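Data block below; observations after.
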Amino acid sequence: MCGRIALYDEPRNIAEWVDAGLDPDLADGWTPSWNVAPTDPILGVSLDRAGARTLSSYRWGLVPWGVKDPGSIKNTFNARGETAASKPIFRSAFGRGRILVPVGVFYEWQRNGKEKQPFAFTRADGGPLVLAGLRERRRGDDGAELRSATILTTPAGPDMPIHDRQPVVLEPDAWEHWLDPAVTDRDELEPLLRSCVGGTLVHRPANRAVGNVRNNGPEMLDPEIV
C-alpha cells in the first residue's frame, strides 16, 4: 500500500523535471507537505488535447465519473496494477486517464512487536520519484470541477523489504508510453506496472510522528526529532 507521501518541492521545479506546463491553478497557493494523506491534494501530469503535458492538482482518492458524493467512495487512493484495467471503479480511468504522479517521498511502515516504524523511500540517484497513476475529472451540481487520482501498486520488488506491495515507479523512458491515449491495449501497458529493478530505491527510518496526519514539516524525515 502507498497511503502517505511527502510533496515539498515547488510545482515549477516539478514541472521542469517532467517536461510539463504548469496548470494556472498551481501558480499561487501551493503548500508543501511532508505528510500527505488520502483526500489531500497531490500532483499529477496528464496530456492535454494537443498532446502537451500539464502538471495539475488532484484529490488523492479517485472518484469515478458520475458519482455524486465523493465522500461515499472509500479506499481508492491506491489501485492494484494487476486488476485496474478490469475493475469497474478504475477501468474507465485506466483507458483514458493515465497520469504521472511525482512525489518527493513515499512512506511505508514496518511492524516491530507492538510498534510500527515508518520508513521514507526515495530514488537512489537523487532524481524525481515518478509514480504511475490514474485520474478522473467530473463536475458537481454546482459546476465546480473535481479532479481526483489514484496511485497504482504492484507486488514488492527487491527495494521493498518491509511490505508485500509498493507503488509503481516509472522510469523516464516509460513516461510517454504510459501517458499516450492512443495506447489502449492493456497487454501493452501492464508490463510497465511492475516493481522497479533493484537499486532504484533507498529507504531510511522516518519520524514516527508521521503516523498522525496532524503532524507536518521537514522533521517528518528525521527519526531523531519527535
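Where a number appears in this text, it was derived from the coordinates with a stated rule and is not lab data. Just so it is clear, the model here is predicted, and its values are computed rather than measured. Counting neighbours? That spans all protein chains shown, and the Cβs are built from the backbone with ideal geometry, glycine included.
Of the residues that sit in segment 1-14 and are in a helix (DSSP H, G or I) and without any contact (Cβ under 8 Å) to a residue 40 or more places away in the chain, which one is surrounded by the fewest Cβ atoms within 10 Å (Cβ to Cβ)? Per the criteria, the residue is N13. The condition of being touching a residue at least 40 places away in the same chain (Cβ under 8 Å), among the aromatic types (F, W, Y) and closer than 26 Å to L221 by Cα holds for only one of W65, W17, that being W17. Against the criterion of being assigned to a helix (DSSP H, G or I) and either closer than 28 Å to P32 by Cβ or of a type in the set (D, E) (or both), A79 does not qualify. Inspect all residues belonging to segment 113-123 and state whether any of them is hydroxyl-bearing (S, T, Y) and more than 27 Å from L221 (Cα to Cα). Checked segment 113-123: no residue is hydroxyl-bearing (S, T, Y) and more than 27 Å from L221 (Cα to Cα). Among the residues of segment 41-56, how many are under 17 Å from the mean Cα position of the chain (by Cα) and in contact (Cβ under 8 Å) with a residue 24 or more places away in the chain? Total meeting the criteria: 10.
For R59, indicate whether it is surrounded by 18 or more Cβ atoms within 10 Å (Cβ to Cβ), of a type in the set (K, R) and not in a loop (DSSP other than H, G, I, E, B). Considered against the rule, which asks whether it is surrounded by 18 or more Cβ atoms within 10 Å (Cβ to Cβ), of a type in the set (K, R) and not in a loop (DSSP other than H, G, I, E, B), R59 comes out as yes.
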